[in-house]
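For reference, the structure discussed in these notes is given below.
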Amino acid sequence: MVACGALLLLGLAAGVWWSRRPFSAPDRTAELTPAEVARRFVWYASVAITAGTFAGITVIGGGGRLAMRLLAATSGDAAQGRITEANQVVGEITVHGTVGFVLFTGIFGGVMAAAIFLIVRRFLPAGRVGGVVFGLGLLVILGTTMDPLRQNNPDFDIVGPGWVAVVVFTALAVGFGLALEGIVVRLSTWLPLLSMQWRVLVRYVPPAVLAVLAFPVTAVLVVVLLGVMLFTRWRPLVGAVRSHRWVIGGRVVVTGVVLVSLPNAVSNVVEIAGG
C-alpha cells in the first residue's frame, strides 16, 4: 500500500508540474506524404503508449488499488473475506494481486485512455482544466457504464458505503486526467518526430518496449495507422480537419456525447451513493 501511495503521488506530481507547459504538436503545415504520415502516427502512438502507461500505472493502478483497500476497510467485518466480481478476497492484500492489477489494468486502461485523449485534445480547454474535463468526461461516458461506477456491479453489495466509492473514484478520475495531461505535454516537447538520427532513435526505445508489452493495443494502433494513411490521401478532408470549424464541430459533438451520457451517469451515481 505504501508503494501504491508513492505511485499515485508520483503520477499526480508529474501531471501538475508538467501541465504548466504548452503542448508541442508536429508542424501542421507540412506536406502529408505517406512517409510523413507514418512518422507522425508513430509519434502520436509513442506519446499515447508512454503517457498512458505512466499515468495508468501511477493513478489507475496505484490509486485504484488504494481505493479498493479503502473500501474494504470501510465496509465492516461482514464484508471481509467475501469474493468480489473479479475473484478477489475483500480485505486480503497480496503482492501478486497488487502487481497484477497495477500492471494489467494500469497499462491497458491508461493507454486506451491516452489514445482517446490525443484524439479529442483539440476539443478540450488548454492546460490543467482540459485534463480535469477529460477525466470527468471519461468517468461520465465510460466509468458509469463499464467500471468503476457501474450501477449493476455486484461489488457494491459487498463493499461501501456507496458515497465513499463515488467520492474516491471521482477524485481518481480527476487525478488521472491531470496526470495524463501533464505527461502528454511533457512528452510532446521531449520526443521529436522519428528520424534516423541515433539521438532520436534512442528516445523511441522506451515507447517501443512498452508497445511490445501492450501488444494487443499496439496491433489495434497499426490497423488505425493504415486507416489514417488512406484518410490523408483525401486532401479536402485533411483541410477540413485542420480548420477552425472542425474544432468547433468537435467540441459540439464531444459536449453532446457527454450530455447524452449524463442522465445515466447521474442515475448510477445516485443509486450507488444511496445504496
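The values are calculated or read from the model by the stated rules, or taken from the named source; none is laboratory data. Just so you know, these numbers come straight off a predicted model, no measurement behind them. Please note: Cβ atoms are built from the backbone with ideal geometry, for glycine as well, and neighbour counts cover all protein chains shown. Calculation scope for accessible area: heavy atoms of the full protein, side chains included, ligands and nucleic acids excluded. Shrake-Rupley method; radii C 1.70, N 1.55, O 1.52, S 1.80 Å.
Some values worked out for this structure:
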{"read-out": "Some residue of segment 149-161 being open to solvent by less than 30 Å² (accessible area, probe 1.4 Å), part of a helix (DSSP H, G or I) and not charged (D, E, K, R)", "value": "no"}
{"read-out": "Test for Phe108: is it aromatic (Phe, Trp, Tyr), crowded, with 21+ Cβ neighbours inside 10 Å and at pLDDT 70 or above", "value": "no"}
{"read-out": "Selection status of Thr189, at pLDDT 90 or above, loosely packed, with under 13 Cβ neighbours inside 10 Å and of a type in the set (Ser, Thr, Tyr)", "value": "yes"}
{"read-out": "Selection count, segment 196-218, where residues are of a type outside the set (Val, Ile, Thr) and over 18 Å from the mean Cα position of the chain (by Cα)", "value": "9"}
{"read-out": "Test: residue in segment 25-38 that is part of a helix (DSSP H, G or I), touching a Gly at 6+ places or on another chain (Cβ under 9 Å), open to solvent by less than 80 Å² (accessible area, probe 1.4 Å) and not hydroxyl-bearing (Ser, Thr, Tyr)", "value": "no"}
{"read-out": "Complete set of residues in segment 250-275 that are farther than 30 Å from Val164 by Cα, surrounded by 13 or more Cβ atoms within 10 Å (Cβ to Cβ) and at pLDDT 90 or above", "value": "Arg251"}
{"read-out": "Within segment 237-275, considering residues that are outside any helix (DSSP H, G or I) and in contact (Cβ under 8 Å) with a residue 24 or more places away in the chain, the one farthest from Asn152 (Cα to Cα)", "value": "Arg242"}
{"read-out": "First in segment 100-128 and touching a residue at least 60 places away in the same chain (Cβ under 8 Å), second anywhere and surrounded by 22 or more Cβ atoms within 10 Å (Cβ to Cβ) and among the charged types (D, E, K, R), Cβ under 8 Å, 6 or more apart", "value": "Val102/Arg65; Phe117/Glu181; Gly127/Glu181; Arg128/Glu181"}
{"read-out": "Segment 111-132, subset aliphatic (A, V, I, L, M) and not in a helix (DSSP H, G or I), residue most open to solvent (accessible area, probe 1.4 Å)", "value": "Ala126"}
{"read-out": "Test: Leu178 is in contact (Cβ under 8 Å) with a residue 40 or more places away in the chain, outside any helix (DSSP H, G or I) and not basic (Lys, Arg)", "value": "no"}
{"read-out": "Sole residue being open to solvent by less than 50 Å² (accessible area, probe 1.4 Å), of a type in the set (Ser, Thr, Tyr) and touching a residue at least 24 places away in the same chain (Cβ under 8 Å), chosen from Thr58, Thr74", "value": "Thr58"}
